[in-house]
1. Add -39500 (n - 2.57) for each DSSP H run of 4 or more in the chain, then divide by its residues: what number comes out at 222 nm, to the nearest 500 deg cm²/dmol?
2. What percent of all Cα-Cα pairs in the chain falls into each 5 Å bin, going from 0 up to the bin containing the maximum distance?
3. Figure the gain on full extension for Lys168 and Lys39 (residue separation times 0.36 nm, minus the Cα-Cα span) and round it to one decimal in nm.
4. Hey, which of these cross-link pairs are over 25 Å Cα-Cα: Lys37/Lys118; Lys83/Lys167; Lys27/Lys118?
5. Treat every Asp and Glu Cβ in the chain as -1 and every Lys and Arg Cβ as +1, leave all other atoms uncharged, and give the resulting dipole magnitude about the Cα centre to the nearest 20 debye.
6. List the trypsin sites (Lys or Arg not before Pro) within the range 6-109 that DSSP assigns to loop and that have no more than 16 neighbouring Cβ atoms inside 10 Å.
7. What is the local net charge at Lys83, summed over the other residues whose Cβ is closer than 15 Å to its Cβ (Lys, Arg +1; Asp, Glu -1)?
Amino acid sequence: MISHLKGAIIQTFDSYTILDVAGVGYKVFVTGETLGKLKNGSEVSLWTHLVVKDDALDLYGFLDRENHDFFILLLTVSGVGPKSALAILNLVAVSTLRKAISKGDPSYLSKISGIGTKKAEKIVLELKDRLHLSKEEMKGELQDDADSIGALEALGYSGKEARDALKKIAPEISKTSDRIKAALKILGK
């Protein structure tokens, strides 16, 4: 099992990067957020997960251990494959996913991340008992993000545009109205 790679970025593409490790180029699928942080020629260290299929060996890479571990946790949900798990992590932060699942309300998950209702229900059902969050981790209202996304969609922005803008907002901005204003500034650029 290949669980960690360290090397130089040869090139990045839409959903993956080629990582040169001791003269061997590894194709590693990553999230859009990770791709944004990678520069051609730069050294990078990725936590990886190898998925073996009949016709391919696919590597999925993560800059930090938290995303890597949550990716593996998502793979334990029946019906969630590696591409789906990566797509989920591409849409929303792990901390938000953990809160949504721990609260046991799939509507938060489907509104915030944009995944389907049935898949959100299945993820919550299968993972709720496996996540143990402290009271401090449970702080922060997911409803505020759902309301912010709804408001931005009502103004004509897509769910993806709204989620992307909300990800870029500083965490200390907590009021829904302030989050919407900050997101509009980002979307207006």
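1. My calculation for the chain gives -14500 deg cm²/dmol from helical runs alone.
2. With 5 Å bins starting at 0, P(r) equals 1, 8, 15, 18, 17, 16, 13, 8, 3, 1, 0.
3. Here the answer is 44.5 nm.
4. With Cα atoms farther than 25 Å apart: Lys37/Lys118; Lys27/Lys118.
5. 280
6. Sites meeting the loop and neighbour criteria: Lys39, Lys53.
7. Its environment carries a net charge of 0.
None of the figures in this text is laboratory data; all of them are computed from the coordinates on show. For clarity, every value in this text was computed on a predicted model and none was experimentally measured. FYI the Cβ positions are ideal-geometry reconstructions off the backbone, even for glycines, and counts take in every protein chain you see.
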